[in-house]
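> A single structure is presented below for examination.
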Amino acid sequence: MKKLLSMVLLCSLFLTVACDSGPKEDAATNNADSAPEAAADATTEAAPEAATDSAKSAPVNQDTESRLITFFKSKFGTRLPGNTTVKLGEFKSSNMQGIDEGSFIVDVPGRGEQPIPMLISTDRKFLIIGASEPTNLGDFKPSGMPGLKQGTLDFGRQQIPVLVSDDGSQLIVGEILDSTVDPLQEILSKISMDNVPVKGNADAPITIVEYSDFQCPFCKRGSDMLPGLLEDYPGKVKIIFKQFPLPNHNWAKPSSIASLCAFEQGNDKFWEFHDMVFAKQKEINLQNSTDKFNEIAKEIGLDQAKFDACISSGENAARVDAEMQEGQQIGISSTPTFVVDGLIVPGADLQSIKNAIDSRVQ
């Protein structure tokens with residue numbers, strides 16, 4: 001079993017984390033937004049035999065720390081701005097003997113610190129960057145297909161479906177699909193439609209669920225498409241907004257929380273807040289975001305005391321996390337992504353969204 005677990009870890013070296021920004025964002029934006037993600041997307045050299053069960057945990061002395069940080073910068077330096085600083089997070093024992101959990105803390109000025117998870121051999125020689133902890137195959141469940149158990153491999157922010165034979169000798173990276181189940185209804189069944197911001201005819205036959213990030217430039221383009229969609233399909237579509245703030249956007253989650261606090265004062269207030277945040281997107285940064293959100297709240301006529309109390313309570317942070325998890329469960333990893341009656345359309349691709357709508361109308 002330990003050998004197979006090592007193989008699972010090795011497999012993680014060859015799996016690339018999906019791009020977390022819209023596929024058509026311009027190069028300058030991609031370079032800036034994805035810098036902290038470089039390590040999560042990359043692979044490092046690893047020799048599983050080196051981190052044996054008998055290896056003793058070595059402390060991280062100054063020389064080791066310097067070597068690891070130098071290695072990280074050498075490996076990913078071309079994908080990090082020159083003024084980026086890197087330090088080590090704390091190390092702790094993992095659930096696999098011979099391997100500890102740790103992290104690189106990457107600080108891109110103006111974007112805040114981003115932890116990049118890693119596994120490291122206890123002799124501090126070998127790294128697996130992007131994996132946060134070993135996967136326990138004992139937690140795998142019956143798949144419904146004879147001879148196979150199913151589970152997931154955590155890698156960065158993704159959960160990769162994995163199948164393992166009952167005797168532990170065979171491994172398949174993938175998931176089992178039931179061809180007798182309507183895949184569109186299966187996706188829709190995983191999306192909560194209760195108490196959500198809705199634009200358009202609430203009784204429209206076609207539902208478009210948009211997973212979006214207020215800081216993402218490509219999401220701004222997606223938001224600009226919404227009025228045209230409602231005009232082109234009068235009464236036929238409704239649009240539901242879901243929060244999906246990307247971790248490498250440092251004011252995205254605060255804006256998600258603020259928008260939900262606006263939503264608590266009315267559906268229309270949410271969409272007014274939504275439109276103004278996107279309109280002012282280039283003016284907002286982490287340092288001024290609180291002031292900007294308060295300005296918008298005042299401009300659209302929110303009850304400021306209720307708005308401030310809502311943000312201070314932190315209650316909507318859990319809702320943001322839940323909506324992100326919901327999106328990840330149906331395979332979403334980039335923004336914006338539109339789900340048209342169960343059909344997933346990544347990116348602000350207007351024609352593809354219309355094609356999906358037309359196919360559902362027919």
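Please treat every number below as a calculation from the coordinates, not as lab data. Worth saying up front: this structure is predicted, and the values here are computed from it rather than measured. Using ideal geometry, Cβ is built from the backbone for each residue, glycine included, and neighbour counts are taken over all protein chains shown.
> Rounded to whole Å, give me the distance from the Cα center of region 67-133 to that of region 154-220.
Each part's Cα centre sits 30 Å from the other's.
> Any of 253/306; 141/236; 269/354; 282/354; 73/149 with alpha carbons more than 30 Å apart? Name them for me.
Checking Cα-Cα distances, 141/236; 73/149 exceed 30 Å.
> If I model a spin label at residue 145 and residue 165 as a point 7 Å from the Cα along the Cα→Cβ vector, what separation in nanometres do I get?
Those two pseudo-labels are separated by 1.4 nm.
> By its C-alpha gyration tensor, with a ≥ b ≥ c as the square roots of the eigenvalues, how is region 174-219 shaped: rounded for a/c under 1.5, else prolate for a/b larger than b/c, else oblate?
oblate
> Considering the options 161, 98, 144, tell which one lies farthest towards the positive end of the dipole of region 89-216, charges being +1 on Lys and Arg and -1 on Asp and Glu at the Cβ, about the Cα centre.
98
> Dipole of region 186-361, Cα-centred, from +1 at each Lys and Arg C-beta and -1 at each Asp and Glu C-beta, to the nearest 20 debye?
Rounded to the nearest 20 debye, it is 240 debye.
> Still on this structure, I have one more. Any idea what the alpha-carbon Rg over 2.2 N^0.38 Å comes to for region 135-183?
1.17
> From the phi angles alone, apply the Karplus equation (6.51, -1.76, 1.60; θ = phi - 60°) to region 66-76 and give each ³J(HN,Hα) in whole Hz, x where the residue is Gly or Pro.
So the J values, rounded to whole Hz, are 4, 5, 5, 5, 4, 4, 4, 5, 5, 6, 10.
> Given an 8 Å cut-off on Cα distances and at least 6 residues of separation, report the relative contact order of region 128-233 as a percent.
Worked out over region 128-233, it gives 13 percent.
> Report the gain in length on full extension from residue 317 to residue 329: 0.36 nm times residue separation, minus Cα-Cα distance, nm rounded to one decimal.
Once the chain is fully extended between residue 317 and residue 329, it gains 2.5 nm.
> Taking H placed 1.01 Å from N in the peptide plane, check which residues at least 5 places from residue 153 or on another chain put their amide H under 5 Å from its amide H.
Here 160, 162 satisfy the definition.
> Across region 133-144, in residue order, what do the Karplus-derived ³J(HN,Hα) couplings come to in whole Hz, using 6.51 cos²θ - 1.76 cosθ + 1.60 with θ = phi - 60° and x for Gly and Pro?
Using θ = phi - 60°, the values come out as 6, x, 8, 8, 5, x, 8, 5, 10, x, 8, x Hz.
> Beta carbons within 10 angstrom, averaged per residue: use that to sort the peptides 318-324, 345-351, 174-180, highest first.
345-351, 318-324, 174-180
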